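The values are calculated or read from the model by the stated rules, or taken from the named source; none is laboratory data. No experiment lies behind these values; they were computed from the predicted model shown. Because the Cβ atoms are built from the backbone with ideal geometry, glycine has one as well, and the counts that use them run over all protein chains shown. Heavy atoms of the whole protein, side chains included, go into the accessibility calculation; ligands, DNA and RNA do not. Shrake-Rupley method; radii C 1.70, N 1.55, O 1.52, S 1.80 Å.
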Amino acid sequence: METQDLKKLRADILKEISTIEQELSRFTVKNPVVRDDYQSIYPKSDQSDTADEKAHSVTSYQEEKAIEQNLELRLKELKETLRKIDEGSYGVCTDCNQPIEVKRIQATPTVSQCLNCAKRASLV
(Lines give C-alpha, C1' and ligand atoms only; values in the text may rest on other atoms or scores of the structure.)
Protein backbone atom coordinates (compact mmCIF):
# COMPACT_ATOMS: atom_id res chain seq x y z
CA MET A 1 0.00 0.00 0.00
CA GLU A 2 1.06 3.55 -0.65
CA THR A 3 2.32 5.60 2.31
CA GLN A 4 -0.51 8.09 1.80
CA ASP A 5 -3.10 5.29 1.90
CA LEU A 6 -1.56 3.90 5.10
CA LYS A 7 -1.68 7.34 6.74
CA LYS A 8 -5.37 7.68 5.87
CA LEU A 9 -6.10 4.14 7.08
CA ARG A 10 -4.23 4.83 10.32
CA ALA A 11 -6.27 8.01 10.88
CA ASP A 12 -9.51 6.16 10.14
CA ILE A 13 -8.58 3.40 12.58
CA LEU A 14 -7.75 5.90 15.34
CA LYS A 15 -11.10 7.60 14.76
CA GLU A 16 -12.98 4.29 14.98
CA ILE A 17 -11.06 3.31 18.13
CA SER A 18 -12.09 6.60 19.73
CA THR A 19 -15.73 6.09 18.73
CA ILE A 20 -15.78 2.55 20.15
CA GLU A 21 -14.16 3.65 23.41
CA GLN A 22 -16.74 6.43 23.77
CA GLU A 23 -19.55 3.96 23.15
CA LEU A 24 -18.11 1.52 25.70
CA SER A 25 -17.82 4.29 28.29
CA ARG A 26 -21.61 4.76 28.13
CA PHE A 27 -22.37 1.42 29.78
CA THR A 28 -19.09 -0.14 30.95
CA VAL A 29 -16.09 0.56 33.12
CA LYS A 30 -12.51 -0.33 32.25
CA ASN A 31 -11.24 -3.43 33.93
CA PRO A 32 -8.40 -2.21 36.17
CA VAL A 33 -6.63 -5.57 36.00
CA VAL A 34 -6.89 -6.58 32.33
CA ARG A 35 -5.73 -4.17 29.64
CA ASP A 36 -8.30 -3.31 26.95
CA ASP A 37 -11.02 -5.15 28.84
CA TYR A 38 -14.30 -3.60 29.83
CA GLN A 39 -17.00 -4.68 32.24
CA SER A 40 -20.67 -3.96 31.73
CA ILE A 41 -22.29 -2.28 34.68
CA TYR A 42 -24.97 -4.44 36.24
CA PRO A 43 -28.08 -2.34 36.91
CA LYS A 44 -28.86 -1.53 40.51
CA SER A 45 -32.17 -2.65 41.87
CA ASP A 46 -33.90 -2.37 45.16
CA GLN A 47 -36.68 -4.09 47.06
CA SER A 48 -39.34 -1.88 45.48
CA ASP A 49 -38.61 -3.10 41.94
CA THR A 50 -41.27 -5.35 40.50
CA ALA A 51 -40.43 -8.72 38.97
CA ASP A 52 -40.96 -7.19 35.52
CA GLU A 53 -38.56 -4.35 36.28
CA LYS A 54 -35.94 -6.82 37.51
CA ALA A 55 -36.42 -9.00 34.43
CA HIS A 56 -36.07 -5.96 32.19
CA SER A 57 -32.84 -5.00 33.99
CA VAL A 58 -31.38 -8.47 33.48
CA THR A 59 -32.36 -8.47 29.79
CA SER A 60 -30.82 -5.03 29.27
CA TYR A 61 -27.64 -6.15 31.02
CA GLN A 62 -27.38 -9.24 28.81
CA GLU A 63 -27.86 -7.15 25.66
CA GLU A 64 -25.21 -4.66 26.79
CA LYS A 65 -22.84 -7.52 27.64
CA ALA A 66 -23.18 -8.89 24.08
CA ILE A 67 -22.57 -5.42 22.63
CA GLU A 68 -19.57 -4.98 24.93
CA GLN A 69 -18.03 -8.24 23.74
CA ASN A 70 -18.52 -7.36 20.06
CA LEU A 71 -17.04 -3.89 20.54
CA GLU A 72 -14.08 -5.34 22.45
CA LEU A 73 -13.38 -7.76 19.60
CA ARG A 74 -13.54 -4.95 17.05
CA LEU A 75 -11.26 -2.82 19.21
CA LYS A 76 -8.76 -5.68 19.39
CA GLU A 77 -8.81 -6.07 15.59
CA LEU A 78 -8.28 -2.35 15.09
CA LYS A 79 -5.42 -2.12 17.57
CA GLU A 80 -3.73 -5.15 16.01
CA THR A 81 -4.05 -3.56 12.56
CA LEU A 82 -2.64 -0.31 13.91
CA ARG A 83 0.29 -2.20 15.42
CA LYS A 84 1.01 -3.86 12.07
CA ILE A 85 0.90 -0.52 10.26
CA ASP A 86 3.32 0.98 12.77
CA GLU A 87 5.66 -2.05 12.53
CA GLY A 88 5.58 -2.09 8.76
CA SER A 89 4.08 -5.58 8.57
CA TYR A 90 0.58 -4.49 7.47
CA GLY A 91 -0.83 -6.23 4.40
CA VAL A 92 1.11 -9.46 4.87
CA CYS A 93 -0.73 -12.74 5.45
CA THR A 94 -0.22 -14.12 8.95
CA ASP A 95 -0.19 -17.69 7.60
CA CYS A 96 1.91 -17.70 4.42
CA ASN A 97 3.71 -14.32 4.74
CA GLN A 98 2.65 -13.35 1.21
CA PRO A 99 1.09 -9.97 0.43
CA ILE A 100 -2.68 -9.78 0.96
CA GLU A 101 -4.61 -8.81 -2.15
CA VAL A 102 -5.21 -5.03 -2.36
CA LYS A 103 -8.92 -5.48 -3.15
CA ARG A 104 -9.26 -7.68 -0.06
CA ILE A 105 -7.57 -5.06 2.12
CA GLN A 106 -9.74 -2.33 0.64
CA ALA A 107 -12.87 -4.35 1.42
CA THR A 108 -11.79 -5.27 4.96
CA PRO A 109 -8.82 -3.23 6.25
CA THR A 110 -8.42 -5.40 9.37
CA VAL A 111 -8.02 -8.63 7.38
CA SER A 112 -5.01 -10.70 8.39
CA GLN A 113 -5.03 -13.53 5.83
CA CYS A 114 -4.78 -13.67 2.07
CA LEU A 115 -7.74 -15.15 0.23
CA ASN A 116 -6.11 -18.56 -0.29
CA CYS A 117 -5.25 -18.99 3.40
CA ALA A 118 -8.68 -17.76 4.46
CA LYS A 119 -10.33 -20.29 2.16
CA ARG A 120 -8.11 -23.06 3.48
CA ALA A 121 -8.87 -22.11 7.08
CA SER A 122 -12.61 -22.21 6.46
CA LEU A 123 -12.41 -25.68 4.93
CA VAL A 124 -10.64 -27.20 7.92
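Key figures for this structure:
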| read-out | value |
| --- | --- |
| Output for segment 65-79, where each listed residue is open to solvent by 90 Å² or more (accessible area, probe 1.4 Å) and aliphatic (A, V, I, L, M) | 73 |
| Helices (runs of 4 or more DSSP H) wholly inside segment 46-124 that include at least 2 residues being under 28 Å from residue 19 (Cβ atoms) and of a type in the set (Asp, Glu) | 51-87 |
| Of all residues making up segment 31-53, the number that are within 28 Å of residue 71 (Cβ to Cβ), β-branched (Val, Ile, Thr) and exposed (fewer than 10 other Cβ atoms within 10 Å of the Cβ) | 2 |
| Segment 80-110, residues that are under 13 Å from the mean Cα position of the chain (by Cα) and open to solvent by less than 60 Å² (accessible area, probe 1.4 Å) | 81, 82, 109, 110 |
| Subset of segment 1-49 (residues that are modelled with pLDDT under 90, hydroxyl-bearing (Ser, Thr, Tyr) and farther than 29 Å from residue 89 by Cα) | 40, 42, 45, 48 |
| Residues of segment 33-45 satisfying the condition of being in a loop (DSSP other than H, G, I, E, B), over 11 Å from residue 72 (Cα atoms) and either among the aliphatic types (A, V, I, L, M) or touching a residue at least 12 places away in the same chain (Cβ under 8 Å) (or both) | 33, 34, 41, 42, 43, 45 |
| Check on residue 10, touching a residue at least 40 places away in the same chain (Cβ under 8 Å), out of contact with any Lys or Arg (no Cβ under 9 Å at 6 or more places or on another chain), open to solvent by 70 Å² or more (accessible area, probe 1.4 Å) and under 26 Å from residue 118 (Cα atoms) | yes |
| Near pairs, Cβ below 6 angstrom, 6+ apart or cross-chain, from segment 17-32 (of a type in the set (Phe, Trp, Tyr)) to any residue that is assigned to a helix (DSSP H, G or I) | 27/64 |
| Residue within segment 67-78 that is in contact with an Asp or Glu (Cβ under 7 Å, 6 or more places away or on another chain) and farther than 26 Å from residue 121 by Cα present | no |
| Residues that are over 21 Å from residue 81 (Cβ atoms), surrounded by 13 or more Cβ atoms within 10 Å (Cβ to Cβ) and not hydroxyl-bearing (Ser, Thr, Tyr), drawn from segment 13-30 | 27, 30 |
